[in-house]
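**Q** Handing you this structure, nothing more for now.
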Amino acid sequence: MEWVPIVFLTFKAFVLFTGMYFAIKWHYDQDRKKKSEAGGPEKPAEIRLFLTMIASVTLSLIGIVYAGCWGDASEGGYGGALGCAFTFFMVFMSKPAVDPLLGDSHGLDSDVLAEKEPTTLSEGLDQLSRLKGQTELLRTAFFAKLASAERDKIYLGVAGIISTLAWKFGDVAAAALNGRS
């Protein structure tokens, strides 16, 4: 009868993680649909950070469950330590650049100001409209970077806090899971 909790906990974890996968996939598909309708670009760095958050939380929980069920309860925080290290590794490795938003592929002309001084009103208005277009590109890139930075803070904050708490209190949680004080 000792196998019953193991089978039920495994089944419960499988159902929970399957539900989480489909919930995340549904939200991701809805976001992709909105972006495709709006014409917005996909942000692979943001997706990478979201997956980092999921991996960090998963590593933390796996460490606690493993230490509580099969290992030594005093080692319950090691999964949180791995999750924390993984999170902060991704902080330094996945900083997206603004260059794709500002590159020549988006029509940013670097020598508008180097043009000769306009002699007629129509030349001046043409130069002004090109400057306005480039200013809008810069403004769009700035706000896209600002929104991305806000989401990065949320993803990395959640992953860092959960993995740090699992690192600190993983042994307590593993002992509670094992039934020992």
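**Q** Is it the case that some residue within region 121-137 is surrounded by fewer than 13 Cβ atoms within 10 Å (Cβ to Cβ), over 25 Å from the mean Cα position of the chain (by Cα) and charged (D, E, K, R)?
**A** Yes, some residue in region 121-137 is surrounded by fewer than 13 Cβ atoms within 10 Å (Cβ to Cβ), over 25 Å from the mean Cα position of the chain (by Cα) and charged (D, E, K, R).
**Q** Next question, about the same structure. Are any residues in region 89-130 modelled with pLDDT under 80 and in a helix (DSSP H, G or I), and if so, which ones?
**A** Across region 89-130, the qualifying residues are Met90, Val91, Phe92, Met93, Asp99, Pro100, Leu101, Leu102, Asp104, Ser105, His106.
**Q** Then there's this: Determine if region 46-54 includes at least one residue that is closer than 30 Å to Ala166 by Cα, modelled with pLDDT of 80 or more and among the polar types (S, T, N, Q).
**A** yes
**Q** If Phe22 passes every condition in (1) at pLDDT 85 or above; (2) in contact with a helix residue (DSSP H, G or I) (Cβ under 6 Å, 6 or more places away or on another chain); (3) not small (Gly, Ala, Ser) but one, which one does it miss?
**A** Condition (2) is where Phe22 drops out.
Results for (1) out of contact with any helix residue (DSSP H, G or I) (no Cβ under 7 Å at 6 or more places or on another chain); (2) crowded, with 17+ Cβ neighbours inside 10 Å; (3) not acidic (Asp, Glu), shown as yes or no for each residue.
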site	(1), (2), (3)
Ala141	no, yes, yes
Leu146	yes, no, yes
Thr164	no, yes, yes
Asn178	no, no, yes
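The values are calculated or read from the model by the stated rules, or taken from the named source; none is laboratory data. The shown structure was predicted, so the numbers you read here are calculated from the model rather than taken from an experiment. With ideal geometry, Cβ positions are generated from the backbone for all residues, glycine too; neighbour counts draw on all protein chains shown.
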